[in-house]
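No value in this document is a laboratory result; all are computed from the given coordinates. These numbers come from a predicted model, not from an experiment. Here Cβ is always computed from backbone atoms with ideal geometry, including for glycine, and neighbour counts include all displayed protein chains.
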Amino acid sequence: MSKTSNLNRREVITATAKASLALIVPMVIPATMIGQVASTSPNEQIQLAVIGFGRRCKYVMAEILKLKDVRCRVVADVQASRRDEAKNLVDTAYGNSECQVVRDFREVLARKDIDAVFIATGDRWHATASMMAAEAGKDVYCEKPCGLTIEYCQQIDEVIRRTGRIFQAGTQRRTVSHYQQAVQIARDGKLGRLTKLVASVYTPGQDNKWLPTEPTPDRNVVDWNMWLGPAPWRPYNKDYVAGNWRGQWDFDSGARLLDWGAHTMDLCQMANQADDTMPIEYTPTPKGIDCRYANGVLLEIDFLKDPFGERSGWIQSNGTCPVRFIGEKGWVETGDGGEVHLALDGKAVEVTSEGKPVRGADVVNHLRDFFDCVKTRKPTAANSTVMRRSHIACHAAALSWILQRPLKLDPTTESFIDDDEANRLKSRPQRLDWA
């Protein structure tokens, strides 16, 4: 009898990965390291469940379904039309009719044959679903933003660490080569001492007005109660489930600041080698928010009026989600366009880049990192603690904008100093069924 015959399938996956690869996950993952773990034996395949099937999920699933060492077994969604669409997508990719679909994701979590979940619900569900999945023994890849509040981000990290699960936040630009290259230029000292980091975001906005009440569908068509989940109850309107929940305080994260900020501020954290901390001061300005680190580096959040059009003040060919890192000797800028622009001592410097334009930011490396770490049990590039720090920085910045006053944050306690109102906004009421 072989040594692995007495192991369960999860242990086989881990043992095989360890035998094939001694994986070290540095703060910035070289592109050449990603994708080195792959297996096709059914016993070694990662059995995946998907929770929430929408536009973003379809884009990511198109890449997941190409992976030979991952098998999507079941999709959970509260809308019948999306369940049907998901089953068709998965069955077509695999050439069979084996994909199961369910309305309630708790059925997925109860299954012993599921190793990991991909959570692509609306923001309101991310934290609760992630924690429930981890408690059920599943590894978690969760789309960003992972938590609607500072408290949610803290709780996710605490649950992941306590349960020993693998977690990957969907901040995939961390593992895109040209973003990594720009970060490394800043970290290697080529720019001299860092003085300023610039992160682009949408111009924030928030609302909490109810849309007109419409008849609630049968729950097998749209389970409205399950759609709301932890969010406060409100009457049904079809526009919510069609995506018109963004910018709604009950459903969205940080006045929309985390839509891009979860990426761009996260990259600034990397460039400043600050994954274990966050800015300590947040000050709203007419054009954005100034955030100051304890080491004196300024993180400037730049509000873009036309983020998908003319991005004033940025190199247009760099595309969406641009970031700029500035030091005493020069600056480097990049974005989804795939170019890396570098200037030293006032002169442009040619950069040899592996970069290419990314559509929605390429998720291939990020997915590979997650599934490799499911096998090796090593921390992912965007693990729960990394997510916690960068997301809290985003939330703190958003609260300074909402309150329209400077805030000081203790990075150790993750509490605001001498500001009871801001500290109350670190959490939000949850419906008792999901608290």
Given the options VAL75, VAL90, TRP125, identify the residue whose Cα lies farthest towards the positive end of the charge dipole of the range 74-137 (+1 on Cβ of Lys, Arg; -1 on Cβ of Asp, Glu). TRP125
Long-range HN-HN contacts of GLY319 with modeled amide H, under 5 Å: GLY337
Could you work out the relative contact order of the chain, using alpha carbon pairs under 8 angstrom and six or more residues apart, expressed as a whole percent? 20
Can you flag which of LYS287/LYS347; LYS112/LYS378; LYS190/LYS347 are past 19 Å Cα-Cα? LYS287/LYS347; LYS112/LYS378
Treating only Lys and Arg (+1) and Asp and Glu (-1) as charged, each at its beta carbon, one finds that the range 113-235 has a dipole about its Cα centre, in Debye to the nearest 20, of 760
Taking amide H positions as placed 1.01 Å from N in the peptide plane, with prolines and chain starts having none, which residues 5 or more places from VAL74, or on another chain, fall under 5 Å of its amide H? VAL50, GLN100
Set the Förster radius R0 to 45 Å, insert the Cβ-Cβ distance between LYS196 and ALA110 as r into 1/(1 + (r/R0)^6), and round the FRET efficiency to 0.05. 0.35
Per-pair calculated FRET efficiency, R0 = 22 Å: LEU344 and SER317 via Cβ, rounded to 0.05: 0.65
Quick query: amide H of ARG111 versus all other amide H atoms, modeled in the peptide plane; which residues come in under 5 Å with a sequence gap of 5 or more or a different chain? none
Choose one of VAL222, ALA274, ILE392: the residue whose Cα lies farthest towards the positive end of the charge dipole of the chain (beta-carbon charges +1 Lys, Arg; -1 Asp, Glu; about the Cα centre). VAL222
If you place +1 on the Cβ of every Lys and Arg, -1 on the Cβ of every Asp and Glu, and leave all else neutral, what size is the dipole of the chain about its Cα centre, to the nearest 20 Debye? 760
Projected onto their principal axes, the Cα atoms of the range 240-348 stretch, largest extent first, over whole-Å spans of 51, 33, 26
Given only helices, namely DSSP H runs of n ≥ 4 each adding -39500 (n - 2.57), what is the per-residue ellipticity at 222 nm of the chain, to the nearest 500 deg cm²/dmol? -10000 deg cm²/dmol
Quote the charge dipole size of the range 267-360 about the Cα centre in Debye, to the nearest 20; the model charges only the Cβ of Lys and Arg (+1) and of Asp and Glu (-1). 180
Let me have the relative contact order for the range 280-435, percent, based on Cα pairs under 8 Å that are six or more residues apart. 19
Can you give the percent of C-alpha pairs in the range 245-308 whose distance is more than 14 Å? 62
Could you go through the range 233-239 in sequence order and give the Karplus-derived ³J(HN,Hα) for each residue, using 6.51 cos²θ - 1.76 cosθ + 1.60 with θ = phi - 60°, rounded to whole Hz, and x for Gly and Pro? 5, 8, x, 5, 8, 4, 5
